[in-house]
Amino acid sequence: MPRYRQGAAAGPDQFKLSSNENPFPPLPSVLAAIESELEINRYPDGSAARLTEKIAEVTGLSPENVAVGPGSISLLQQLLLMVGSVGDEVVYAWRSFEGYPTVATLTGLTPVEVPLLDDCGHDLAAMADAVTEHTRAIFLCTPNNPTGNVLTTDQVEWLLAAVPSDVLVVIDEAYVDFVRDPDAADGLRLLADYPNLVSVRTFSKAHGLAGLRIGYALGDPAIIDVLRAAGLPMAVSNLAQRAAIASLDASDEVAERVEHIVGVRNRVMAGLLDQGWEVPAPQGNFVWLPLGERSVDAGEVFLRHGAIVRVFPDSGVRVTVAEDASVDAILAAAAELVR
Ligand SMILES: Cc1ncc(COP(=O)(O)O)c(C=O)c1O
């Protein structure tokens with residue numbers, strides 16, 4: 001079993017840049033919504049009806065196109081439970097989100113990991129070639145965690161055309177709100193043309209609700225109906241549902257915070273470029289330093305500068321873009337690494 005490794009915790013004087021979380025505290029309106037929902041002796045609304053309607057309204061879809069789950073990782077697991085079992089395969093790029101091997105193995109599917117290209121892009125031709133009669137699903141992660149770069153609309157459409165239409169293609173858009181590249185794929189826009197495509201999104205990142213565990217999936221009603229059935233009943237708390245609705249109601253404030261984080265990302269990136277780093281264009285709330293064998297040592301350097309980052313031994317270091325005050329620490333550590 002590949003065990004899911006959680007990003008390390010931080011001490012009082014350290015920046016926690018290890019889990020791609022949102023650094024902002026909850027919005028006052030979100031806190032107020034939770035406070036009005038303290039009937040925790042009651043089960044939650046298992047259909048998440050109000051939130052489902054709200055998401056449908058915001059995305060311009062109908063409630064039949066929306067499934068809510070306890071975090072997008074749970075929805076990824078439900079999707080695999082739904083389409084496959086032992087002997088079936090799920091194809092995804094590697095390195096990508098660490099939850100993929102976990103949900104694949106838990107559901108009994110065999111993970112087929114296709115190495116990223118040298119520029120950290122998805123090797124879509126190799127992914128299409130990896131599809132066999134056993135393939136039930138493909139995960140596309142854009143922006144890709146941990147490398148931060150996006151798939152373009154053309155790339156996603158190419159893959160959708162290249163694979164059989166009975167293979168479920170899941171576009172994992174956990175970081176979609178931070179994307180500023182106009183060529184980047186937007187799953188929502190593609191759904192109407194590809195019934196085998198599902199977009200998975202989360203309230204953990206832009207909305208800053210990671211601790212409440214809530215995400216959603218968008219797709220064809222036939223898929224969404226079974227996806228809901230594949231989840232444990234009443235797995236999403238009322239607190240999470242209320243908070244998500246309040247956060248969608250506060251979309252201007254959420255957008256402002258996201259814009260702020262994008263600004264911090266731009267400052268980090270400008271500093272790294274000045275120092276001579278070559279890193280993939282970051283479109284999520286994190287940057288990727290492809291340090292290979294030096295990654296573990298680099299993690300120690302960041303730690304000395306008060307930054308807890310995510311180290312992938314022999315591969316690279318992922319640094320979450322968060323508080324303004326963390327930028328100096330990140331750039332000081334990065335400069336030391338260059339020296
Ligand atoms: C690409 C990607 N997908 C999904 C998730 C899971 O998010 P959650 O389960 O909090 O919605 C994460 C979390 O870091 C992620 O990076």
Any hit, segment 95-103, residues being away from the ligand (no atom under 16 Å from the Cβ) and either over 19 Å from the mean Cα position of the chain (by Cα) or not basic (Lys, Arg) (or both): no
Looking at the structure I just gave you, is Val301 more than 22 Å from Ser62 (Cα to Cα), at pLDDT 95 or above and β-branched (Val, Ile, Thr)? yes
For Leu61, only one of the following conditions fails: (1) in a loop (DSSP other than H, G, I, E, B); (2) within 19 Å of Tyr4 (Cα to Cα); (3) away from the ligand (no atom under 16 Å from the Cβ). What is its number? (2)
Some residue of segment 208-224 being acidic (Asp, Glu), out of contact with any His (no Cβ under 8 Å at 6 or more places or on another chain) and assigned to a loop (DSSP other than H, G, I, E, B): yes
Subset of segment 128-137, residues buried (at least 17 other Cβ atoms within 10 Å of the Cβ) and within 15 Å of Gly108 (Cα to Cα), comes to Thr135, Arg136, Ala137
Mind checking whether some residue in segment 113-127 is assigned by TED's automatic domain parsing to the domain that holds Lys205, more than 23 Å from Pro195 (Cα to Cα) and in contact with a His (Cβ under 9 Å, 6 or more places away or on another chain)? yes
Filter segment 33-49 for residues that are exposed (fewer than 13 other Cβ atoms within 10 Å of the Cβ) and under 15 Å from Gln241 (Cα atoms) and give the result. Glu35, Ser36, Leu38, Glu39, Ile40, Arg42, Tyr43, Ala49
Do you know which of the residues in segment 68-94 that are within 11 Å of the ligand (Cβ to nearest atom) and without any contact (Cβ under 8 Å) to a residue 60 or more places away in the chain is nearest to Ala244 (Cα to Cα)? Gln77
What about Glu293, is it in contact with an Asp or Glu (Cβ under 9 Å, 6 or more places away or on another chain), surrounded by fewer than 22 Cβ atoms within 10 Å (Cβ to Cβ) and more than 30 Å from Glu53 (Cβ to Cβ)? yes
Quick check on my filter: what residues within segment 128-176 are among the small types (Gly, Ala, Ser), within 18 Å of Gly215 (Cβ to Cβ) and away from the ligand (no atom under 11 Å from the Cβ)? Ala137
Taking only segment 300-319 into account, find how many residues are among the hydrophobic types (A, V, I, L, M, F, W, C) and outside any strand (DSSP E or B). 3
Subset of segment 8-26 (residues that are surrounded by fewer than 20 Cβ atoms within 10 Å (Cβ to Cβ), hydrophobic (A, V, I, L, M, F, W, C) and either in contact with a helix residue (DSSP H, G or I) (Cβ under 6 Å, 6 or more places away or on another chain) or closer than 18 Å to His207 by Cα (or both)): Phe24
Pairs, first on the phi > 0 side of the Ramachandran plot in segment 135-161, second of a type outside the set (Ser, Thr, Tyr), C-beta under 7 Å, six or more apart: Gly148/Pro280; Gly148/Pro282; Gly148/Gln283; Gly148/Gly284; Gly148/Phe286; Gly148/Val287; Gly148/Trp288
Hey, among Ala184, Ala222, Ala244, which residue is under 26 Å from Pro70 (Cβ atoms) and within 16 Å of the ligand (Cβ to nearest atom)? Ala244
Filtered residues of segment 271-283 (kept if outside any loop (DSSP other than H, G, I, E, B) and over 24 Å from the mean Cα position of the chain (by Cα)): Gly271, Leu273, Asp274
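The values are calculated or read from the model by the stated rules, or taken from the named source; none is laboratory data. Source: prediction; values computed, not measured. Here the Cβ is made from the backbone with ideal geometry for all residues, glycine too, and neighbour counts use every protein chain on show.
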